[in-house]
1. Could you check the simple spin-label distance between residue 121 and residue 356, using points 7 Å along Cα→Cβ, in nm with one decimal?
2. Compute the distance from the alpha-carbon center of segment 381-415 to that of segment 103-169, in whole Å.
3. Report the calculated FRET efficiency for residue 78 and residue 381 (r = Cβ-Cβ distance, R0 = 45 Å), to the nearest 0.05.
4. At a threshold of 8 angstrom on Cα-Cα distance, excluding pairs fewer than six apart, so keeping six or more, what relative contact order does the chain reach in percent?
5. Taking only Cα atoms, what is the 0 to 90° angle, nearest 10, from helix 202-211's long axis to the longest principal axis of the chain?
6. Highest first, please rank the peptides 261-270, 169-178 by the mean number of other Cβ atoms sitting within 10 Å of their residues.
7. Rounded to the nearest Å, what's the spacing between the alpha carbon centres of segment 189-233 and segment 279-310? Just the number, please.
8. Convex hull over the Cα atoms of segment 105-194, averaged projected area in nm²?
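All of the numbers you see were taken from the coordinates with simple rules; none came from a lab. Remember, it's a predicted structure, so these values are computed and weren't measured experimentally. Neighbour counts are summed over all protein chains in view; Cβ atoms, including those assigned to glycine, are modelled from backbone coordinates with ideal geometry.
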């Protein structure tokens, strides 16, 4: 049986997981999305055409890869159908390759309303995208959620009305407008018709692919430091974008996992609230944001930018069993005259190399930096490690020495072809 290659983000998301998955999917038979919802976005550029994907696995862009939305994903049908139509308009064979788990949970309009209501009432804002992700997962674990398979049950109307009636009581008590049951029911019955050809038992589909020795890639959403358990709680997402979520969100077992690619940028970024040790709130941070086009794929929010944090990276490597690093935006950091990397923290006067998501620790830790020379020049045409300038090589070598992990993929530009494979 074949093994699954997994792509995971090591920090706060937006590291470039989509392009890594797209690269691996060029020789893959199946690409799987395991967690999250349309609060995440993967941007892939192919032949100067930019694709912003929020739910469909980016492997589908290879036009020969089965793209599976796993059971751990929460799906807004309206967003998914819009994405399907966009892909079809661009010549992607969605009807042939897209598969949707019947066990994936549905985001409904009341989830988005609840998301906004809860955020409005928080004293300390989380920075939610208000896409309904958290409330949908709440319903899932409270066992009152609706799954894709429920769309096709004879009692779907009754199941939906029960949930809307409960939510409307809450909205009325807080002075919010109620959900319109008739409108939602009509919309979701129409969505059900459109999505039905894609819905199946993806667990057996995935395991049959492994049994048939197919090449399978699993692409992560969000990233390690946004994990509901292992991230900087409460400033996290509502699922497990670490290796554990890959298993529970697909039906894979630990024995099915092969290589795990940890994706990072040559600097770091974060969207939303929460502690961020290496954040730059000065002109340098602004410059990195502009050079790297650091604005959210889904939200368009400007990302907070800072230096690469190797203390946090080692934490991510331990948690996920990462075997290879994919370093993106090397071209971006190389445009600076000089840049830094964090090799340790200073906390209460002591130097430490151990990362913890304790909020007090993160907010009171001072990053300790090593400085590197930049000015790489145009490296977008480099296709081997040897072709890189010496300053770029020194930076990559230092990352490898510090982490003990090979930097196997190196992004040197935005386009699909701008990748060095070692």
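1. Distance between the two pseudo-spin positions: 3.2 nm.
2. 44
3. Numbers: r = 41 Å, r/R0 = 0.92.
The pair residue 78/residue 381 has a calculated efficiency of 0.60.
4. Numbers: 926 pairs, mean separation 85.6, N = 422.
About 20 percent, as a whole number.
5. 50
6. Working: 261-270: 27.1, 169-178: 11.8.
Per-residue Cβ counts within 10 Å, averaged per peptide and sorted highest first, yield 261-270, 169-178.
7. Between the Cα centre of segment 189-233 and that of segment 279-310, the gap is 29 Å.
8. Values: hull surface 24.4 nm².
Over every viewing direction, the Cα hull of segment 105-194 projects on average to 6.1 nm².
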